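Since the structure comes first, as structure tokens, the remarks are kept for the end.
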Amino acid sequence: MRIAILTALAAAACTSPQIDPGAYFCGPDGACPEGQACNGPDNVCVAASTAKPFECGMGFVDVVGDDTAATGQPVTGLGCVSIQFTTLGCLQAGDIGDWFQFDVPDNCAAVKVDARVSFPVAFERLELQLSKANGPPATMESPCSAPSTADSPEEVRCLSAVLEPGAHYAIGVVPDGTQNCDARCANNRYTFSFQLKAP
């Protein structure tokens with residue numbers, strides 16, 4: 001009898017634990033436990049047979065025509081020290097970026113911009129770019145005051161730069177070209193925010 005019990009315990013120890021669908025957010029590149037797949041609408045691991053393709057989802061907007069610094073969405077009414085502008089955005093497969101244009105008031109003695117974007121790690125990674133006077137964009141990354149943690153399903157990227165008073169700028173949220181599941185998850189949802197403040 002004792003041998004039978006030990007054999008049963010040993011067999012149980014060698015089997016994989018059952019992981020319930022919906023218990024985990026998808027990991028990088030849509031990674032999920034065996035037998036599960038990343039659900040596109042909410043980046044949660046579900047039974048592979050029920051997984052749906054990516055969609056922007058409630059509140060996450062994919063604005064048409066904002067793909068370049070010159071055609072980005074205008075953000076108006078900014079002061080030398082502004083309230084924080086925040087929006088929920090979405091990059092579908094093939095979308096080269098979302099841009100936000102703004103003018104720095106010309107009466108500022110000195111001003112800088114602080115921006116941040118957060119996004120699920122399950123899909124393509126995003127980065128922030130800055131363009132002046134619709135010129136060529138430059139990827140700019142700064143340390144985040146509250147970076148993402150190891151157990152967070154979101155990654156955070158930040159940008160901080162001193163700006164020229166009276167100048168026209170645009171900030172872009174763009175795919176960084178990596179970690180896109182071999183192009184199967186070349187998309188993402190994000191929360192973007194920025195504000196002007198004293199340096």
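Worth pointing out:
- The one condition in (1) closer than 23 Å to GLY30 by Cα; (2) surrounded by fewer than 19 Cβ atoms within 10 Å (Cβ to Cβ); (3) at pLDDT 90 or above that THR149 fails to fulfil: (3)
- Inclusion of CYS45 among residues that are in a strand (DSSP E or B) and either surrounded by 14 or more Cβ atoms within 10 Å (Cβ to Cβ) or at pLDDT below 95 (or both) is warranted.
- Checked against (1) surrounded by 15 or more Cβ atoms within 10 Å (Cβ to Cβ); (2) more than 12 Å from the chain's Cα centre (by Cα); (3) of a type in the set (A, V, I, L, M, F, W, C); (4) in a strand (DSSP E or B), VAL162 passes all but a single condition, namely (1).
- Of all residues in region 35-66, those satisfying the criterion of being acidic (Asp, Glu) and closer than 21 Å to GLN179 by Cβ are ASP42, GLU55, ASP62.
- Of the strands (runs of 3 or more DSSP E) that lie entirely inside region 53-157, not one contains 2 or more residues that are among the hydrophobic types (A, V, I, L, M, F, W, C) and not assigned by TED's automatic domain parsing to the domain that holds ASN187.
The values are calculated or read from the model by the stated rules, or taken from the named source; none is laboratory data. None of these values were measured; they are calculated from a predicted model. We place every Cβ from the backbone using ideal geometry, glycine too, and count neighbours over all the protein chains shown.
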